[in-house]
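So the structure is just underneath, and the comments pick up after that.
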Ligand code: UD1
């Protein structure tokens, strides 16, 4: 019997790539999404990639009645919870919206799951829970903190999960702390939503390479890093998606939860990323040095050894693959939008 997995936020950037990885691994997958930050045609694109129609329930995780209906009508074995807000800048302007969507959304979902007797969960967390990392590479045992409402919401969610697991009601939860997910599925059919002006580096670089934005601002070149620009652990979204499949498999196999980093363990600077993207796209990427962005750390990269030990997870793709697939997606999504 195939295991059936519910993906909240399954039409979003990481959710859609995880959908593909799960279907390829033989899971039966159901998407729950309210399309507040995902394109309407994602299910059609997923069907094209997998060869099977994608089953989608259009609902908000804040809507408890809809969640209860899904659990009553479908036999669900496990849930992967992606649905959340993720912009640091927006969270500073709208902290309560972040608490409601991210924190109340999780509580609501876990209550609906508990009520239905479904207690296997994989949760999207972030390396943001390390705040300004005091240990590099950062292991899961590093101290936790936060620097903005988004980070706070993820930290609170992790603590809610910890307390719930401690209640001994049979919960097994995998908490995955993502470093910097980038890139796209090699088909060029799904990727990060290209609408608007991106906050994050790679989508911004993609738009500059495509000529949609004139120039990239490099936020600071006086950090204590080899070339002075910020260093991050970029991880290919296809690798990250596989991490979820392996997390789910570990929960089933081990019967106990885990909290692990998903990163490559290797940091790249902003200038290295720009140079690699220029090579992958064969385009010039004009940039200028600008002041540091508030709240940015000099460097962040994972100690990936626990994920290897507990999940058997190791990232396979390098920065060039990340840039190349981002560029294919950028070109395809520009064509589709025309
Ligand atoms: C950011 C968030 C992090 C969140 C993650 C989600 C902040 C402070 N951190 O991570 O909490 O989990 O996104 O994806 O917002 N950069 C430029 N020019 C740009 C954009 C970025 O030079 O136009 C630099 C940054 O200074 C940084 C690096 O590129 O050194 C990566 O930035 P970004 O992609 O925004 O990711 P993080 O800041 O690591």
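The values are calculated or read from the model by the stated rules, or taken from the named source; none is laboratory data. These figures come from a predicted structure and were not determined experimentally. Note: ideal-geometry Cβ built from the backbone for every residue, glycine included; neighbour counts use all protein chains shown.
Looking only at residues in region 115-151 that are touching a helix residue (DSSP H, G or I) at 6+ places or on another chain (Cβ under 8 Å) and part of a helix (DSSP H, G or I), the one that is nearest to residue 12 (Cα to Cα) is 150. Contact annotation: residue pairs with Cβ atoms under 7 Å, 6 or more positions apart or on different chains, pairing a residue in region 133-153 that is without any contact (Cβ under 8 Å) to a residue 12 or more places away in the chain and farther than 20 Å from residue 308 by Cβ with a partner that is in a loop (DSSP other than H, G, I, E, B) and more than 11 Å from the ligand (Cβ to nearest atom), are 134/142; 134/143.
Take residue 12 and tell me if it is buried (at least 24 other Cβ atoms within 10 Å of the Cβ) and at negative phi. Yes: the conditions hold for residue 12. For region 32-39, the condition of being modelled with pLDDT of 95 or more, under 20 Å from the mean Cα position of the chain (by Cα), on the phi > 0 side of the Ramachandran plot and surrounded by fewer than 17 Cβ atoms within 10 Å (Cβ to Cβ) holds for at least one residue. Scanning region 152-186 for residues that are in contact with a strand residue (DSSP E or B) (Cβ under 8 Å, 6 or more places away or on another chain), within 16 Å of the ligand (Cβ to nearest atom) and at negative phi gives 154, 155, 157, 158, 175, 176, 177, 178, 179, 180, 181, 182. When residue 48 is tested against (1) closer than 19 Å to residue 237 by Cβ; (2) in contact with a helix residue (DSSP H, G or I) (Cβ under 8 Å, 6 or more places away or on another chain); (3) surrounded by fewer than 23 Cβ atoms within 10 Å (Cβ to Cβ), exactly one condition is not met: (2).
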